[in-house]
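Chemist: I am attaching a structure below and will ask some questions about it afterwards.
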Amino acid sequence: MPDDVLVRILSLLDDTVLAVQTTILSKRWNNLWTSISSIRLDYDDESDDRIMTIVERVVSLHDSSDILKFHITYHNQGSRDDMVADDYTRIHRCICTVVQHNVVELHLSLWNSSDADQTSLFLFPESLFMCKTLVDLKVDSNSISFSNCPIEGCFPSLKVLSVDVEESDEDSPGSLENLFTCCPLLEDLTIFGGVISQSNIKISAPELKTLRMEYSDSYSNVLFINAPKLENFDLLDNFSLPNEFVFENGKSLIEVNLRLHRSFDVDDLDADDLASRAVALFAQISNVENLSLSLQGLNASYLPQFVNLSRLMLVLHDFNYWEFLIECLKRCPNLKHLVLKHEDNEWRSREDELGWEFLNPQERPACLVSHLQTVSIEGFKGQRDEMEVAEFLLKNGEVLNTVSIHTVSVGLLYTKKEIYRKLLTYERGSRSCVILAD
């Protein structure tokens, strides 16, 4: 094969050290690895102590061709406490070098898990902030500081940013705000972990289209989002909601995925405080067309009217989830597609059936009469209440085209054939409705 094909193959290896080791094959392979466009290096303290030297040599000996991807993972469990600062200096030099080689994608994972004094924080080189070729940046670390992040003019070409910082620089809380407000072309932003524990987080990105946020141990006092082109928003919160959640331009949202799982062991928020925060959040996303909700411990009364909502996925939790379902449907008058997904009924047995009830509402939700076309129920076990819900939807869905029942692989109370035959006996409000079961 020609050299350029071999170089392409070496660039696809998960560990660039393997590419370097191909030099033992023949003299022809001696310098092939110096032309690879993708460098991936993984170090932990169980690796050979020479690995950091190899890391630096791999980058410094690269030829003049571009290094499009640079991924480096550094995990210190304690065996190199005295060398962390030196290792960070070497990684710093490597990043400076790949910037000179027109890096497009940079993934940096730095974790120092020792009990030693972690005074050695990693600082990005200034050249990286000003890199005109960088498009994709992913950072996860517990020993990194953004205190040298410029107030403006950095990351001129960055479109994808993912940040998972467990411990940020508390002495300069504004640095993170700079990071989230100084990327003029940013389109995709993902934020995990303790970075959201800052007292205030401001995200201002004129081209941002997708925003994902996930945190589980704290909440910011104010979360301000100014993104006039934002279309997709995912929020996973395992404990509480921000004190103030502000969408400067929330009307651009098309698809929202909310997984808000309140921990009942956390007493920081009383019911009224939680309700007010939830109401404020939902009010700002009321114009969305596609919505996925998993609201454990939250009440359906917090929801507004979703007049533009066309598709709803509802993950069912707790003992009142059928009541929650009906309340949701009442607030979605133009809903066309409904997906129900069970997450909490795997433990239920035949003996539990009598403890679960579905009470037919006195008033049918408007969407059933005029708009709802498809229903899909995932995790179906054949419980009495599940069958009653299916019967209610079939009977009252006057424009339904399809009702799909997806049974669980284990724990069925009846055979799939028995469930399907029972479903076929139910009255249907729509003559064209087809029942599918698997």
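Derivation of every value follows stated rules applied to the coordinates shown; laboratory data play no part. Quantities reported herein were computed from a predicted structural model and do not represent experimental measurements. A quick note on method: Cβ atoms are made from the backbone with ideal geometry, for glycine too, and the neighbour counts reach across all protein chains shown.
Chemist: Assuming R0 = 22 Å, what is the FRET efficiency of LYS416 and GLU323, from their Cβ-Cβ distance, to the nearest 0.05? Walk me through the intermediate numbers first.
Modeler: Working: r = 28 Å, r/R0 = 1.27.
Efficiency computed from Cβ-Cβ geometry: 0.20.
Chemist: Next question, about the same structure. Each residue of the range 129-146 in turn: what ³J(HN,Hα) in whole Hz from Karplus with 6.51, -1.76, 1.60 and θ = phi - 60°, glycine and Pro shown as x?
Modeler: 4, 9, 5, 8, 9, 5, 10, 10, 10, 10, 10, 9, 6, 10, 9, 10, 10, 10
Chemist: Shifting gears a bit: Points 7 angstrom from Cα along the Cβ direction at SER127 and ALA283: gap in nanometres?
Modeler: So the two model labels end up 5.1 nm from each other.
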